[in-house]
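Below is one structure; the comments refer to it alone.
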Amino acid sequence: MTEPVYLADCFALRQMGQCVRPEARPTLWSSLTDAVEDSRLGFPREVATELGVLARDEQVTSWASGLGANLRKFSADIKFNRPLMKIVETMGYQEGFDSLDGKEPAIAHLARLAISYSKTGTPFILATEDFGEGPLSPTMEQICEYQNWAYVDAMACLKGLGLGDLIAH
């Protein structure tokens, strides 16, 4: 059986940088780069862009924006927008995804990528720290539960990628 790809949102990536020992961070970024290059970890470019807003001065933002062409293979096909919007509407969010700047948030791109993986039978696990219920749009946890997609938090993702020894205890 093929190992699942961890598809991470910006909240999980940010938490990964915060939950490892400070002296282990260079190893973390190098190992995560290898995981992206090997397609064991992935996320759409929009996740890296959103990190630039949410974690502007943090290392994770520089790391994610430096991945460049490696993220191209994780672009979400727009043809999965209609199925995604149907899911979100059925969940009770008629307005779709809410964002402060009016742009489509990274969660939509990540969810479209997950839909495409589902359709092609590519095994994946979503890595998120976006838990609870959203008042105006769904959280990643809500979408995963609605779709019966496997999901883990940032620490479980690091352990799944074989990087559990970097976590601060």
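Here are a few things to note about the model shown:
- Test result for ASP165, modelled with pLDDT of 95 or more, out of contact with any strand residue (DSSP E or B) (no Cβ under 8 Å at 6 or more places or on another chain) and either surrounded by 19 or more Cβ atoms within 10 Å (Cβ to Cβ) or among the basic types (Lys, Arg) (or both): no
- Failed item, numbered, when ARG56 is tested on (1) out of contact with any Ser or Thr (no Cβ under 7 Å at 6 or more places or on another chain); (2) within 18 Å of MET140 (Cα to Cα): (2)
- Filter result for ALA111 (outside any loop (DSSP other than H, G, I, E, B), aliphatic (A, V, I, L, M), touching a residue at least 24 places away in the same chain (Cβ under 8 Å) and surrounded by 20 or more Cβ atoms within 10 Å (Cβ to Cβ)): yes
- Flag for LEU7 being in a helix (DSSP H, G or I), under 17 Å from the mean Cα position of the chain (by Cα) and not basic (Lys, Arg): no
- Positions within region 119-141 being assigned to a helix (DSSP H, G or I) and buried (at least 20 other Cβ atoms within 10 Å of the Cβ), in sequence order: MET140
- When we screen THR49, THR27 for residues that are crowded, with 16+ Cβ neighbours inside 10 Å, of a type in the set (Val, Ile, Thr) and over 25 Å from PRO123 (Cβ atoms), the only hit is THR49.
The values are calculated or read from the model by the stated rules, or taken from the named source; none is laboratory data. Since we're looking at a predicted model, the values are computed, not measured. Every residue, glycine among them, receives a Cβ derived from its backbone with ideal geometry; neighbour counts consider all protein chains shown.
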